[in-house]
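The values are calculated or read from the model by the stated rules, or taken from the named source; none is laboratory data. Predicted model, so just to flag it, every value in this text is computed and none were measured. Here the Cβ positions follow ideal geometry from the backbone for every residue, glycine too, while neighbour counts run over all protein chains shown.
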Amino acid sequence: MDQVSLAVNEVWLVVAAVLVMFMQAGFALVEAGFTSARNAGNIIMKNFMDFSVGAVTYWAFGFALAYGSSSLGGFLAWGEVFWFNDPSRASEWFFQVVFAATAATIISGAIAGRVKFSSYLLYTPFITGLIYPIVTHWVWGGGWLAELGFFDFAGSGVVHMLGGVAALAAVLVVGPRVGKYDENGKPRAIPGHSLTHGALGVFILWFGWYGFNAGSTLAAVGQNIAVPAVTTTLAAAAGAIGAMFVAWAITGKPDVGFTINGVLAGLVGVTAGTASVSFGASILIGLIGGALMVGSVIFLERVGVDDPVGAISVHGTVGVWGVVAVALFSDDASLGPQLVGAAAIIAWAFALSFIVFKAIDLTAGLRVSREEEATGLDISEHGNYAYPEFVFQHEVVDLVEAANGDEGRRRAPAAGA
Amino acid sequence: MDQVSLAVNEVWLVVAAVLVMFMQAGFALVEAGFTSARNAGNIIMKNFMDFSVGAVTYWAFGFALAYGSSSLGGFLAWGEVFWFNDPSRASEWFFQVVFAATAATIISGAIAGRVKFSSYLLYTPFITGLIYPIVTHWVWGGGWLAELGFFDFAGSGVVHMLGGVAALAAVLVVGPRVGKYDENGKPRAIPGHSLTHGALGVFILWFGWYGFNAGSTLAAVGQNIAVPAVTTTLAAAAGAIGAMFVAWAITGKPDVGFTINGVLAGLVGVTAGTASVSFGASILIGLIGGALMVGSVIFLERVGVDDPVGAISVHGTVGVWGVVAVALFSDDASLGPQLVGAAAIIAWAFALSFIVFKAIDLTAGLRVSREEEATGLDISEHGNYAYPEFVFQHEVVDLVEAANGDEGRRRAPAAGA
Amino acid sequence: MDQVSLAVNEVWLVVAAVLVMFMQAGFALVEAGFTSARNAGNIIMKNFMDFSVGAVTYWAFGFALAYGSSSLGGFLAWGEVFWFNDPSRASEWFFQVVFAATAATIISGAIAGRVKFSSYLLYTPFITGLIYPIVTHWVWGGGWLAELGFFDFAGSGVVHMLGGVAALAAVLVVGPRVGKYDENGKPRAIPGHSLTHGALGVFILWFGWYGFNAGSTLAAVGQNIAVPAVTTTLAAAAGAIGAMFVAWAITGKPDVGFTINGVLAGLVGVTAGTASVSFGASILIGLIGGALMVGSVIFLERVGVDDPVGAISVHGTVGVWGVVAVALFSDDASLGPQLVGAAAIIAWAFALSFIVFKAIDLTAGLRVSREEEATGLDISEHGNYAYPEFVFQHEVVDLVEAANGDEGRRRAPAAGA
C-alpha cells in the first residue's frame, strides 16, 4: 500500500483505539455512579487495574494467543508476538488491547461491593490473557468459528456477551450483597450514589463506541466508516427510548437508570451488525435491545442474581441479541452459525470464569467479611473514603450524638443504606 | 474524487461529528451542575432524550426537510431521504444529526426544574424534525437565506441563536421557578449544586466545539482545518477573560459561573466567522461575547426571565453577536443580509416554539405542580434521587428531629433552597 | 508536499492537539478531586485561566519566542510571528499552545488552597509567554540544547519537568497549607474531596496523552504514529501497577490516590522516549516512574514541601527520570546531554519562577489570610460555594445548634478538616 493510504488508515485506527480506551472512564463512572459511595474508590481501582494489568498481560501473551502467526487447530494462535515488540503491528496491537480491556472491565460492576481487591486482581490476567484472546482467535483470527461462518463485526458476542457471561459466573460464585434480599428472598432496591456520574459514564461510553464500531473497519481507505457511525447513533438512541418506555410501563415512571442503561443496550445490540444492517433495522435492534435489557434486569434480580449495575443484562443478554440480530437483519450472517458461535462463546467464557473464580474463592477467598462489606470497601480495602468531607445519610444519628456531647465517630454507610 | 482523498475527508468528518456528539455530555453537566441536585436526574433524562428522540426524528424526516434533493421555493427541502437509508450520505447525515441535537439541547437548561417530562418529550421532535431543519435548509441547503448572501459558517445563528430563541419562548410560556423572585419581584440567586460538574461540562463543550467549528469545513483535502481551531481557541479564551473581568467589575468577585459561561459565549460568538476572521479579531469577538453574555444574564434576570443556566444569553444573545461579528470582521459576510437572516431565524424559531409550547401547555400541561417542583423533579417525575446517600442542607432539621426520636423522613430540598 | 498528504498530516495534528487541549479538564478534575471541596471552584478558575490567559499570551509573543524565524544565539527565537496571524502555521501554533497550557496548569494544583487568585493571574503570562517558550526554543526550536544533542521527543523535560520545578518554586515561596503540619512539624493527611473526580481526571489525562505523545510525530505520512501509542499505554499501565505495589508495601493498603497518580507518573516517564524505546522498556520505565513518584511524594511531604496533588513528584521528579530513561533505553539520546539539559531546564524554570513568585509575594502578596484559607477560597475569593446544597462534616455542629433553636449559620470547612 502507498505511504499516504497507510497513513490515513493508521490515523483512523489510532484515533478509534484512543476513543475505545476512553470507554474505561465510562465504565468506571457507570459502575461507581450506580453503586454505593462507600465503594466508589474500590470500583475505580478495579477499573484502573483491568486496563493496567490487562495491557501488560496482553503484551506478554494475550495478543500472541489471538493473532500470532500460526493457528493451532483453529483454537488458539501461536507465534512470534509473545512479549510483543513489533513496531509494524503497533496499531493493530493498540486497537486490540483496548478491546481486551473492555471485555475485562464489564465484570467489575456486576460484583461491586463485596469482593476482595487482591482476589479480583488474580482474575484479571485470565480474561485479558486467556479467555478473551482465544475467543478472538476463533472469530477474528481465522479460527474455527470464522471457518464456520460466525459473523460478529465489532464484538456483540466476542466482547460484550463474553464479558457479561463471565460477570454472571462471577456473581454466581460470590453471591448477592448483604441486604440485597430480605428474609423472604425479596429483592430490595439499592440505588446508586450518583446518577450524574452514571449518566456521564454512559455518554463517555457512547462517545467511545464510535471508535469501537466504526473503528472495526480497521482501515479507512476503501471502507465506509460512516455507516457504522450512523447505525451506532440510531441503535443507541432507540435503546434509550425502548428501555424508557418499557420501564415506564412497568414501574409507572420514566426511570433514569433504565433509560441510560438502554443506551448501552442499544449499542451492544448493534455492535455485531453495525456495518451490515440498514439504518431502519438499527433502530429496531436498539429498541428491542433496550426492552430486553429491562426484562433481563428484572428477571435476574428476582432469581437472586445481584448485579448492581445491570452488566449481565446489558452485555450478556443483549450481547446474545446482537449476535442473533445480525443474522435476522442482514445477509452477512446466518442463524445457524450465529447460534453455534453464541453457545460456544457462552460455554467457554462461563466455564473458565466459573472455574477461576471458584478456585480463587477456595484458596485466597473471594469475598470480604460482612463487617468490611458494611463498612465499605473504600475504607476496609484501600484505607480512604471517596468523599471524606461530605455527610452521608447513615452518619446523621452519630453526628447528632456527637453534637450533643456523646461519643460519636465517623462511620461508613451501613450495607443497603 | 480519488479513494484516498475521500477516506481522508471521511475520517475528518466522522471524527469531527463524534466530537460534536460528545457535546451532549457537556450540556448535560453544565445544566445539571448549574441547577439544583433535586433535578439533576431530570436534566439528564432531557438531555438523553434530546439526542435520542432527535436522532430518530432526524432520520425519519428532519434530514430530508433540510437536505433533500429538491428545494420547495427555497423554504424547505424534499426528496428521497425520508426514512434515511443512503450509505453514500452517511457521513453527511451523521455530521448534521449531531448539530440538530445541539440545537435541541440548548432549551432544556433554560426551563430546568419546572417542566413535566412527558410534555417536554412532545416538543423535542418539533425542533429536531421541523424548526431546525428548515432553517438549515435556508442557510446551508441552498435556500432563500443562502441566496440572499447570509453567511454562517458553523452556526452561531443557525444552531445557537435558534436554540437560544426557542429557549426564550419556552421560558416565557412556562414562567420562572417558584422562589426565584420575592414578593417585590426581586430576583434571588439560586446557585447550582456542583461547580465541578458545570466546569467539566464547559471543558467538554470546548473540546467538542473543535469538531463543531473545524469540522464545518466538511472536508480536509484542500481545506485549512487548523484556522477554525485557532480562532475557536482564542475566542473561547477571550470569552472567559472578558466575562470574568466584567463580572468582577460588577459583582466585586471573579465569579466562577460567569467565567466558565464566558468560554461558551466566546465559542458561540466566533462560530459564524470561525474560518473567516483574523486571529486577532477572534480574540475581540470572544471578549465582547463574554461581556455581552454577562450583561444579558443580568438583564434577563431583572426583567423576569428565569433561565437557570444562562442558555438564552449564551446561545441567543451571543448568537446574534456572532452573526453580526462575521460581517464586521471579515469579507465573507455583509451586515444587511446578516441582519435580515438573524431577524428571520429569530422570528421563525420564536414563533414556532412559542406556539408549540403554548399548545402543549393548553393541552397536556407544561408545568409540574408546586408540590412536585418543591420536592424536585427527580423524585416526582422519575421516582429516584440523583444522590440518595448524601445529606442536603434542607434535610438537616428533619434528620435532627428523627435523631431526637420524632417522626422524620427523607425530604427533598425546598424550592429555592 | 501534495495536497492529500498535507491533509492527512493536518487531520492528525489537529486531532492530536484537540486531545491535548482536553487534558486541561483532566488537570482541573485531578486537582479539584485531590483537594478540599471548599477550594474546588478556585481550582477550576485557575485551570480555566491557565489556558485562557495562556492562549492569548502565546498568541501575542510566546509562539514567536519559541518558533520565530530567527534564533538569537540559540537562546530564544524572534521574528514575524508576534501577534500571530499566519494561517499557514495554524496547526503548528494550535499544537504548541496546548503544550504551553499544559506546562502552566501543572502549578495550580501544587499551591492549591492558599494563593490569592489575582496574584496567581499575574504569574500565568510568565510561564506560557516566557519561561516555557524559551525552553522549547532550546530543545524543539533548534536552540542550544538541540545543538548539544539533548533529546526529548514529547516533553518529559520540556513540559513536565519544567512545570514540576516551577511548582516547587511556587510552593517554597508560598509555604504549606494551614494545618498540614502539626506543632512538631509532622505532616497530617488531608484527603481530597472526591476520588471519583480525581480518577476521571486521570482517565482524561491518559486519553489526552495519546495526542501529546503520538501527536508529537507532528505528521502522519511516513511516521509510525502507533508506536508512541503503544509505549504510552504500557508505561501508564506499568506506572499504576508500580505505584500501587510500592504504596501497598509502604502503607499496607493499595491506595487509590497513589495508584492513579502512578498512571500519570508512567506517562510522564515515557514521554521523552515514547517513539524511541522498545515496548518492554516502556513497561520498565513506567514501573520505575510509578515507584519513584511514591517515594518522592513521601519524601517531599516529610521535608515540609506541601504539594496537595503530588504535582512536583509526578511531573518534576518523574520528568527527570523520563529525560534520563530515554538515554538508558534507546540510542536516540545519550546520558551526558540529557543531564546537562535537565540541569539547564531545572535551573532556568526554578530561578525564574522563584523570582516571579517572590516578586508577586513582595508586592501584591501571594497568600490569602488565615481566615480566608480556613473559610475556603471559593467563598472568600469567588463568592460562591462549589456544592452549596450538600452538608459537610465540619458543618454538622452548627446545623444541629440551628436545629435546636440556637443561632447557627452556614460555615465553610475548617482548614485541614
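Structural remarks
- Near pairs, Cβ below 7 angstrom, 6+ apart or cross-chain, from segment A:74-93 (facing chain C (nearest Cβ under 7 Å)) to any residue that is among the aromatic types (Phe, Trp, Tyr) and part of a loop (DSSP other than H, G, I, E, B): A:Trp93/A:Phe84
- Test: A:Ala265 is touching a Pro at 6+ places or on another chain (Cβ under 8 Å), crowded, with 24+ Cβ neighbours inside 10 Å and in a helix (DSSP H, G or I): no
- Some residue of segment B:161-182 being over 24 Å from B:Val56 (Cβ atoms), part of a loop (DSSP other than H, G, I, E, B) and free of Cβ contacts under 8 Å to residues at least 40 places away in the same chain: yes
- Subset of segment C:268-289 that is assigned to a helix (DSSP H, G or I) and surrounded by fewer than 24 Cβ atoms within 10 Å (Cβ to Cβ) - its residue that is farthest from the other protein chains (Cβ to nearest Cβ): C:Ile288
- B:Gln96 in contact (Cβ under 8 Å) with a residue 40 or more places away in the chain, under 30 Å from B:Ala374 (Cα atoms) and not hydroxyl-bearing (Ser, Thr, Tyr): no
- When segment C:374-398 is filtered for residues that are over 24 Å from B:Ala386 (Cβ atoms), within 8 Å of chain B (Cβ to nearest Cβ) and touching a residue at least 60 places away in the same chain (Cβ under 8 Å), the ones remaining, listed by number, are C:Glu381, C:His382.
- Against the test of being under 20 Å from B:Glu92 (Cβ atoms) and surrounded by fewer than 24 Cβ atoms within 10 Å (Cβ to Cβ), the options A:Gly185, A:Gly179, A:Gly222, A:Gly175 yield a single qualifying residue, A:Gly222.
- Count - residues of segment B:4-52 that are of a type in the set (A, V, I, L, M, F, W, C), more than 8 Å from every other protein chain (Cβ to nearest Cβ) and within 19 Å of C:Ile204 (Cα to Cα): 5
- Residue within segment B:15-23 that is crowded, with 24+ Cβ neighbours inside 10 Å and not in a helix (DSSP H, G or I) present: no
- With respect to the conditions (1) surrounded by fewer than 24 Cβ atoms within 10 Å (Cβ to Cβ); (2) of a type in the set (A, V, I, L, M); (3) part of a loop (DSSP other than H, G, I, E, B); (4) in contact with a helix residue (DSSP H, G or I) (Cβ under 9 Å, 6 or more places away or on another chain), C:Ile190 falls short on a single one, namely (4).
- Exactly one residue among C:Val320, C:Val297, C:Val324 is touching a residue at least 40 places away in the same chain (Cβ under 8 Å) and either crowded, with 24+ Cβ neighbours inside 10 Å or of a type outside the set (Gly, Ala, Ser) (or both), and that residue is C:Val320.
- Condition broken by A:Thr259, with the remaining ones in (1) farther than 26 Å from B:Ala90 by Cβ; (2) within 14 Å of chain B (Cβ to nearest Cβ); (3) part of a loop (DSSP other than H, G, I, E, B) satisfied: (3)
- For segment A:300-316, filtering for residues that are assigned to a helix (DSSP H, G or I) and crowded, with 24+ Cβ neighbours inside 10 Å leaves 6.
- Annotation note: of C:Gly310, C:Gly316, the sole residue that is out of contact with any strand residue (DSSP E or B) (no Cβ under 7 Å at 6 or more places or on another chain), of a type in the set (Gly, Ala, Ser) and on the phi > 0 side of the Ramachandran plot is C:Gly310.
- The requirement of being among the aromatic types (Phe, Trp, Tyr), more than 7 Å from every other protein chain (Cβ to nearest Cβ), under 16 Å from A:Tyr132 (Cβ atoms) and within 20 Å of the chain's Cα centre (by Cα) is fulfilled somewhere in segment A:54-70, by at least one residue.
- From the options C:Gly163, C:Gly192, C:Gly185, residue that is modelled with pLDDT of 95 or more and either within 14 Å of chain A (Cβ to nearest Cβ) or more than 18 Å from C:Ser313 (Cβ to Cβ) (or both): C:Gly192
- Residue that is more than 19 Å from B:Gly286 (Cβ to Cβ), assigned to a helix (DSSP H, G or I) and in contact with a helix residue (DSSP H, G or I) (Cβ under 6 Å, 6 or more places away or on another chain), where the choices are B:Gly215, B:Gly239: B:Gly215
- Take the conditions (1) in contact (Cβ under 8 Å) with a residue 24 or more places away in the chain; (2) in a helix (DSSP H, G or I); (3) β-branched (Val, Ile, Thr); B:Ile355 misses just one of them, which is (1).
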